[in-house]
Amino acid sequence: MSNRRTGLILDFGGVLTTPLLPAVLAFEQREGLPQGACLTALYKDEEGVRITSDLERGVVSQTEWNEFAGKMLGVPADNLMGRIFGALRPEPLMINAAAAARRAGIKVGILSNSVGLAPWDLYDGYELERLYDVVVISEQHLLRKPDPELFEITLKLMDLSADECVFVDDTEAYVQAAEQLGLAGVHNQDPQQTVATLSELLGVDLTAS
């Protein structure tokens, strides 16, 4: 019996895109905010953590989050999420690797914590439904990573077991959550290294064009 893995599950922001942190820092600079203002207001403040979690689960809208975050940061709320992540760009190494995996017969899915889909759509232009076998956006399931149920939903849609899949995320805690369920985990910090690791895990040269 072969133990070759036949499924690849990718986070979106920070994996199929350029890293999140430089985009946030660029936003802070454009808005005249001190470096680290977003992290402090939205990921260290208890209420900020709660509303961001609610956004990811689809409990609050992006517009509601924009209003809250705008007040916390002291900046206009208009399209705030889009302004924060406006500098994100596609990450070609990972996008090309995903395409190479599919050509080799590996199922490739997306598992992403949502930042809301309107008025700004993080996924616009990436053709997720066409280029990937399964697309799971957290708010559409009223769950968020690292909830085990969201991983289980993704695996069911992939029609694969945990030990047949590799999961890639730029958030180490989510990688650890996947590993606890039996998936092989890869913490994406450098796309070139990630592609090399995935090539080894999947037994396919994902650098081939």
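Computed values, structure above
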read-out	value
In segment 3-34, the residues that are open to solvent by 30 Å² or more (accessible area, probe 1.4 Å), polar (S, T, N, Q) and modelled with pLDDT of 95 or more	THR6, THR18, GLN29
Every residue from segment 82-113 that is under 27 Å from GLY48 (Cα atoms), outside any helix (DSSP H, G or I) and not hydroxyl-bearing (Ser, Thr, Tyr)	PHE85, GLY86, ALA87, LEU88, ARG89, ILE110, LEU111, ASN113
Selection within segment 114-138 - in contact with a Ser or Thr (Cβ under 7 Å, 6 or more places away or on another chain) and either part of a strand (DSSP E or B) or touching a residue at least 60 places away in the same chain (Cβ under 8 Å) (or both)	GLY116, VAL134, VAL136, ILE137, SER138
Of all residues making up segment 133-158, the number that are touching a Lys or Arg at 6+ places or on another chain (Cβ under 8 Å) and either open to solvent by less than 60 Å² (accessible area, probe 1.4 Å) or under 22 Å from VAL60 (Cα atoms) (or both)	9
Tabulated pairs, segment 16-29, first closer than 16 Å to MET94 by Cβ, second assigned to a helix (DSSP H, G or I) and open to solvent by less than 10 Å² (accessible area, probe 1.4 Å), C-beta under 6 angstrom, 6+ apart or interchain	LEU16/MET94
Residue check for GLN189: part of a helix (DSSP H, G or I) and open to solvent by 60 Å² or more (accessible area, probe 1.4 Å)	no
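Table: residues versus (1) outside any loop (DSSP other than H, G, I, E, B); (2) more than 12 Å from ILE9 (Cα to Cα); (3) charged (D, E, K, R); (4) in contact with a Ser or Thr (Cβ under 9 Å, 6 or more places away or on another chain).
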{"residue": "LEU155", "(1), (2), (3), (4)": "yes, no, no, yes"}
{"residue": "ALA173", "(1), (2), (3), (4)": "yes, yes, no, no"}
{"residue": "GLN176", "(1), (2), (3), (4)": "yes, yes, no, no"}
{"residue": "GLY182", "(1), (2), (3), (4)": "no, yes, no, yes"}
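The values are calculated or read from the model by the stated rules, or taken from the named source; none is laboratory data. Predicted model only: the values in this text are computed from it and were never measured. Quick reminder, even Gly has a Cβ in these numbers, built from the backbone with ideal geometry, and neighbours come from all protein chains shown. Accessible surface is based on the protein model in full, side chains and every heavy atom, while ligands, DNA and RNA are left aside. Shrake-Rupley method; radii C 1.70, N 1.55, O 1.52, S 1.80 Å.
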